[in-house]
Structure formats: C-alpha cells, structure tokens
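See structure below.
Here, each number is a calculation from the coordinates, and none is a lab measurement. Not measured: the values here are computed from a predicted model. A quick note on method: Cβ atoms are made from the backbone with ideal geometry, for glycine too, and the neighbour counts reach across all protein chains shown.
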C-alpha cells in the first residue's frame, strides 16, 4: 500500500507498537521502547513507520484490524489529523486538541491520548509538590508541543506568558486552552532584547522558562533569548532533543540555574505510552543507562 511502510519483516503473532510520522527515521522512540522491552524480557516489538499525510486513513484502517498491533505514537504532521480517524478521544487530548498516542483497545476500537502534557510535567513533579504563593511560566512557541505544555501548566495554576512570532496566535491559544486564566501573549522578539526590569522578592514563587519551539534545534535558527528576562531561582526547560545540551541550557547552567532537557520529557511521555501498549510499567531504575544509550 503506497504512502506508508508496511513493516512486513516483523514476526507474525508478536505484539507490536510503533511510531508514525513523516519523516520518521530520526525518531528515538524505537530505541527507547526497545530498551525497556529488552530489560523486561517481553516478547514484543516497537517499530517506526513512515506515513504520509495522504496515507494516514489507509494506515489506521489497516492497523485497526491487526490483532498484533497495540497502537502507535504519533509525531508530526499527524497529531491533529489522526483525531478524526479514532473511535474516542481522551478528555485531556480533547482539551489540548492533539493526539500523540493511539491505543487499540481489547474490543478493537481506537482511543487517542496525549502523553506530552503529563510527560512534560514528570520531571517537575518534585517542584510542583511544594506550596507556592505564585507560579509563572514564560513559554516560547505555539506549536503542537506548546499546546500540551500550556494546558499542563494552566492545570498546575501557572500564570503563563506565551511568546510567538504572531502574538495574536498566542492569545488565541491561551483563550482556547484556559479562557479563565490571567495569561499574557507577547511577541517572541520581546525576549531577545535586554530588559532592566527589577524582579521583586521571589521567595515562595515558582518561575519556569520553557522553550517549546524548534528554535535551537539542529537545522533550525538559533533561539534569541536574553537572560535579563529570567527571574532569580528559575528552572529553565528546553524540550529540544537535538542537540540535547542547547545553548539555552548551557547559559542557564553557567548562571547556576536548574535545568531540564528534552530527553526528560521524551522519556516521561514514553513511560505512559509504553504502559498502555504493553500492560507493564517500564523499568525506570535504568534511566541513567537509557539516557546514555540515547545520547550515544
């Protein structure tokens, strides 16, 4: 069937899941899920499958009748389009307006989830368990990942400053995802210029800087960001995975700030998907080995 790779080399009768997108060869998901399958000794496979935009309906139709198929992770450009091909959408994914995980249920129906939101929050959980008088997040980007991140932060009671090349798009996204919130939309160029703003006492406050855009990624323009916009004690989080140690994170570390890299979110969201696909929790005690493998 044209438009997607059929993975005909997989052993019949063996449960499998996969990641789909176009392009897809660069995905770290097969290595990540394969690592967990090996550690648990499960007889299952996790593959990658290139699916073009036009072939997405045929792909879903073929997979939904395959009893060995447990589901798939969904990358660009399919996170929105796949929603109309499924039997049900999890409420969180419905609010975000994007699906990144499709699960084939026992009755053969397909459910769409979004694991980006909880995956993003996972490395922040120790911080979010504390009580704060005020929480603010400066988020850069308005793409699919940014939608999940904004929705997740709004549920954690953050005031969000969302930066985009088109502030009107940022405003519309905030109004859609959290219409009752007191959030702000700004031009992303605002953060490229130095500010002389004097931050007040940040005791009992929680400040996040999040790059949810592709800026700074290999092959993309650099992220122009001036650290005069960063409150003391902030956590700086960059979801880019290539390179893993971005200039934003390097500068944050040089200033003694706590950082979170893109692998943390990738592993966090994969944990949830793996459990849904294969019915077992991944062996997270091996995270250090897993990170080393993914960076090799």
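What base-10 log of the normalised intensity I(q)/I(0) is obtained for the stretch 179-232 from the Debye formula, alpha carbons as equal point scatterers, at q = 0.24 Å⁻¹?
Summing over Cα pairs of the stretch 179-232 leads to -1.15.
Sorted by packing (mean other beta-carbon atoms within 10 Å per residue), highest first, where do 258-265, 180-187 land?
Numbers: 258-265: 20.4, 180-187: 15.0.
Ranked by mean Cβ neighbours within 10 Å, highest first: 258-265, 180-187.
What's the ranking of 200-212, 152-164 by average number of surrounding C-beta atoms within 10 Å, highest first?
The most tightly packed comes first, giving 152-164, 200-212.
Restricting things to Cα coordinates, could you compute the convex hull volume per residue of the stretch 195-296 in Å³?
Value for the stretch 195-296: 138 Å³ per residue.
What angle do you read, to the nearest 10 degrees and between 0 and 90, between the alpha-carbon axis of helix 29-40 and the longest principal axis of the chain?
It is inclined by approximately 70 degrees.
Testing the spin-label approximation: label points 7 Å from Cα along Cα→Cβ at residue 200 and residue 122. State their distance in nm.
Once both label points are built, they end up 3.7 nm from each other.
Taking only the alpha-carbon atoms of the stretch 160-200, what semi-axes of the equivalent ellipsoid follow from 5 times the gyration tensor eigenvalues under a square root, in whole Å, largest first?
Taking √(5λ) for each Cα gyration eigenvalue gives 21, 14, 5 Å.
Quick one: order 36, 69 by neighbouring beta-carbon count within 10 Å, fewest to most.
Lowest count first: 69, 36.
Please work out the FRET efficiency for the pair residue 285 and residue 250, using the Cβ-Cβ distance as r and a Förster radius of 41 Å; give the result to the nearest 0.05. Mind showing how you got there, number by number?
Details: r = 29 Å, r/R0 = 0.70.
For residue 285 and residue 250, the calculated efficiency is 0.90.
So, in Å, what gap is there between the alpha-carbon centers of the stretch 263-296 and the stretch 197-255?
24 Å
Would you mind checking the radius of gyration and Dmax of the stretch 1-144 based on alpha-carbon positions, in Å?
16.9, 56
Would you kindly state how much longer the chain becomes between residue 227 and residue 12 on full extension, computed as 0.36 nm times their sequence separation minus their alpha carbon distance, in nm to one decimal?
Here the segment from residue 227 to residue 12 would lengthen by 72.0 nm.
Wrap a convex hull around the Cα atoms of the stretch 118-260, take a quarter of its surface area, and give that in square nanometres. Mind showing how you got there, number by number?
Working: hull surface 32.8 nm².
Its Cα hull, projected and averaged over all orientations, spans 8.2 nm².
Compute the acute angle (0 to 90°) between the alpha-carbon long axis of helix 262-278 and the principal axis of greatest extent of the alpha-carbon atoms of the chain; round to the nearest 10°.
30 degrees
Averaged across orientations, what area in nm² does the convex hull of the alpha carbons in the chain project?
The orientation-averaged projected area of the Cα hull of the chain comes to 16.1 nm².
For the chain, what does the helix formula give at 222 nm: sum of -39500 (n - 2.57) over DSSP H segments with n ≥ 4, over the residue count, nearest 500 deg cm²/dmol?
Here the helix-only value at 222 nm equals -9000 deg cm²/dmol.
Just check the stretch 1-73 against the gyration tensor rule for me: Cα atoms, a ≥ b ≥ c as the square roots of the eigenvalues, rounded for a/c under 1.5, and otherwise prolate or oblate depending on whether a/b exceeds b/c.
Verdict is oblate for the stretch 1-73.
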